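Remarks on the structure that follows.
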Amino acid sequence: MDSGVGGLSVLREIRALLPNESLHYVADSAHLPYGDKSPAFVRGRVNAIAESLVDQGCKALVVACNTATAAAVESLRERFALPVIGMEPGIKPAVLGSNKGVVGILATEGMVQSNRMSDLVARFANGVEVIIQPCPGLVEQVERHALHTPETASLLQGYLAPIIKQGADTLVLGCTHYPFLQPLIEDLLGPGVSVINTGAAVARQLQNRLSEHRLLNANATPGVIHFFSSRADEVQQQIISSLWGGEVVVSPLVEHPVND
Ligand code: DGL
C-alpha cells in the first residue's frame, strides 16, 4: 500500500524478486499526499487499507510508503498477526557509502518531522553531515505523471540546491514516489553523486519474512497482480498503467469503517 502510485516503485522490486506471489496493490490517491497530513490521519487510512487487504486474504503487508511507515507501522503490528514490512530512508547505507561525509535526503514533510527520521539520524549518522530536505509538491508531480516537466525540474532544482552546495556525494530517496524521478534527479545532480533507494531491500526483507514464516508460495505458476485505488478513475488507470509499464485494470478500493 501507498498514499498513491509511489509504492509501484516497490511493487516492481517485489514482482522481480517474488514472481510466484500474487500481489494486491492499493493506491490511496483520494487522500494524498500523506506528507502534509497528521500522523493520526495517516494511521487511520493505513489501518483501513490494511483491514481491506487482510479481508482479501493477504498473508503479509508491505507499507510501501516511508511517511505511512513512520506514522502507522507500530499500530499495524499491534493490530495484525501477520508479517508487516515497513520502509525507511536508507540513511545507514548512505552514511556507509559516503566518502566525503556529506549525505542528502529528500523526503515528505511528514517524514522529515517524524520521530522515525530523527531516530534514524541519531542511530546511523555517525559523524556524517546529513542534510534533510522536505519536498512539498513532488509527490503530486509524480501522481500527475509529470516526470520530466520544467515545473518538476524547477521544484527539484530548489530542493537539491542546498544538498549540492554542501558537497553531498550520496542522496537518499526518502519517499517511494521519488524513484520515478530518479532520471531527472540524476541529470540535475550531475556525475559523482550516488542515489539510494530502498525498494529492493524491502523486497528482500519481504522474502526473508515470508520464508521465516513458511509463507512463500511453493507453486511455480506466476502470481497475479490486482490494483486497487480509492480514486479508481480513468486518469489514474492510465497513470498506473504507464508507471507500471503495461495496461492494468484498477478497481475501486472497498473499505469498512475502522476503529483506531
Ligand atoms: N510515497 C510516500 C512516501 O514514501 C509519499 C507520501 C505522501 O503522500 O506524501 O513517503
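The values are calculated or read from the model by the stated rules, or taken from the named source; none is laboratory data. A quick note: this is a predicted structure, and the numbers were derived from the prediction, not measured. We place every Cβ from the backbone using ideal geometry, glycine too, and count neighbours over all the protein chains shown. Heads up: the accessible areas ignore ligands, DNA and RNA and are worked out on the full protein's heavy atoms, side chains in. Shrake-Rupley method; radii C 1.70, N 1.55, O 1.52, S 1.80 Å.
Search segment 106-156 for residues being assigned to a loop (DSSP other than H, G, I, E, B) and away from the ligand (no atom under 16 Å from the Cβ), and hand back the single one that is nearest to residue 244 (Cα to Cα). Looking at the filtered set, the residue picked out is 148. Total residues in segment 13-50 satisfying the condition of being hydroxyl-bearing (Ser, Thr, Tyr) and over 17 Å from the mean Cα position of the chain (by Cα): the figure is 2. For first residues located in segment 45-59 and over 11 Å from residue 254 (Cβ atoms), partners that are open to solvent by 50 Å² or more (accessible area, probe 1.4 Å) and in a helix (DSSP H, G or I) and lie 6+ apart or on another chain with Cβ distances below 7 Å form the pairs 45/31; 47/79. Within segment 164-180, restricting attention to residues that are in a helix (DSSP H, G or I) and farther than 13 Å from residue 107 by Cα, which residue is farthest from the ligand (Cβ to nearest atom)? Checking each candidate, the answer is 165. The set of residues in segment 28-43 that are open to solvent by 30 Å² or more (accessible area, probe 1.4 Å) and either in a helix (DSSP H, G or I) or without any contact (Cβ under 8 Å) to a residue 24 or more places away in the chain (or both) comprises 30, 31, 38, 39, 40, 41, 43. Pairs are defined by a Cβ separation below 6 Å, a sequence spacing of at least 6 or placement on different chains, a first member in segment 64-78 that is in a loop (DSSP other than H, G, I, E, B), and a second member that is among the hydroxyl-bearing types (Ser, Thr, Tyr); the pairs so defined are 64/176; 65/3; 65/176. Whenever a residue of segment 1-15 is over 18 Å from residue 60 (Cβ atoms), its partners that are assigned to a helix (DSSP H, G or I) and among the hydroxyl-bearing types (Ser, Thr, Tyr), lying with C-beta atoms within less than 6 angstrom and at least six residues away or across chains, give the pairs 4/29. Among the residues of segment 227-244, just one is touching a residue at least 40 places away in the same chain (Cβ under 8 Å), open to solvent by 60 Å² or more (accessible area, probe 1.4 Å) and in a loop (DSSP other than H, G, I, E, B), namely 231.
Against the definition (open to solvent by less than 30 Å² (accessible area, probe 1.4 Å) and farther than 15 Å from residue 176 by Cα), how does residue 23 come out, yes or no? Here the answer is yes, as residue 23 does meet what is asked. Scanning segment 103-137 for residues that are free of Cβ contacts under 8 Å to residues at least 24 places away in the same chain and either of a type in the set (Asp, Glu) or open to solvent by less than 30 Å² (accessible area, probe 1.4 Å) (or both), we see that the one that is nearest to residue 71 (Cα to Cα) is 119.
Against the condition within 16 Å of the ligand (Cβ to nearest atom), among the aliphatic types (A, V, I, L, M) and under 21 Å from residue 49 (Cα atoms), how does residue 232 come out, does it pass? Taking the combined requirement at face value, the residue does not satisfy it.
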